Structure formats: C-alpha cells, structure tokens
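The structure appears right after this line, and notes come after that.
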Amino acid sequence: MKSPEELTTLFRQRGWKVTPQRQCIFRILHDNPTHPTADTVYATAAREMPTISLRTVYQTLNDLADLGELKVLDLGTGS
C-alpha cells in the first residue's frame, strides 16, 4: 500500500476530500502488516478519533478499493 502521503495526493488528484479521519485510516492501514477487517480499522481509529464513524471507515476503504490500493475480501462470515 502507498504511504499516507501518497494516498493523500492520490485522493486530492481525484478531487476527493482528505479529512483528518481519512488520514488516520491511511496511517492505520499503512502501519498494519495484517489484513484487518473494517471493524478492526474502525476500533483502532476510534481510539485516536472517538468521533469517527463506521460509515467513514467503510467509505474510505471502498474508495481505496476502487483505486486498486486494497482488495475487499468477502469471507462469508459477516466480517
């Protein structure tokens, strides 16, 4: 995955907002060598930014998937 700075630039080039919440998510994903669920990303981000919404996490993850920066895996477990 690209660095948080590279993702910030990529989002801005697309005309997408780069909020502090999104930058937090970029950092979490970049610093995590595992394959976290959206709920894990949300829980980690909420410790740093208690007002972040699960919707913001999902939207950011979907935007990153649309850019080819991550793959969405459906394991059929609800996670």
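Computed extension length for L54-K2: 16.5 nm, one decimal, from 0.36 nm per residue of separation with the Cα-Cα distance subtracted.
The GluC sites (Glu not before Pro) of segment 4-79 that meet both conditions, a loop assignment by DSSP and at most 16 other Cβ atoms within 10 Å of the site Cβ, are E69. Calculated accessible area for the chain comes out at 67 Å² per residue, all protein chains present (probe 1.4 Å; ligands, DNA, RNA ignored).
Across the accessible surface of segment 22-64, with the other protein chains kept in place and a 1.4 Å probe, carbon and sulfur atoms take up 51 percent.
Taking a ≥ b ≥ c as the square roots of the Cα gyration tensor eigenvalues, with a/c under 1.5 meaning rounded and otherwise prolate when a/b beats b/c, else oblate, which class fits segment 1-40? Taking the square roots of the gyration eigenvalues as a ≥ b ≥ c, segment 1-40 is prolate. Average 1/r across all pairs of distinct alpha carbons in the chain, invert it, and you get the Kirkwood radius: 12.8 Å.
Counted by Cβ distance under 13 Å from Q59, the other residues give a net charge of +1, where Lys and Arg count +1 and Asp and Glu count -1.
Of the residues H30, L73, Q13, the one whose Cα sits farthest toward the positive end of the charge dipole of the chain, with +1 on the Cβ of Lys and Arg and -1 on the Cβ of Asp and Glu, is Q13.
Helix content alone sets the calculated 222 nm mean residue ellipticity of the chain: runs of n ≥ 4 DSSP H residues at -39500 (n - 2.57) each, divided across all residues, give -18000 deg cm²/dmol.
Residues R22, R47, R12, R27, ordered by accessible area of protein heavy atoms at a 1.4 angstrom probe radius and largest first, appear as R47, R12, R27, R22.
The values are calculated or read from the model by the stated rules, or taken from the named source; none is laboratory data. Quantities reported herein were computed from a predicted structural model and do not represent experimental measurements. Glycine gets a Cβ as well: all are built from the backbone with ideal geometry, and neighbour counts include every protein chain shown. Only protein heavy atoms, including side chains, enter the accessible area calculation; ligands, DNA and RNA are left aside. Shrake-Rupley method; radii C 1.70, N 1.55, O 1.52, S 1.80 Å.
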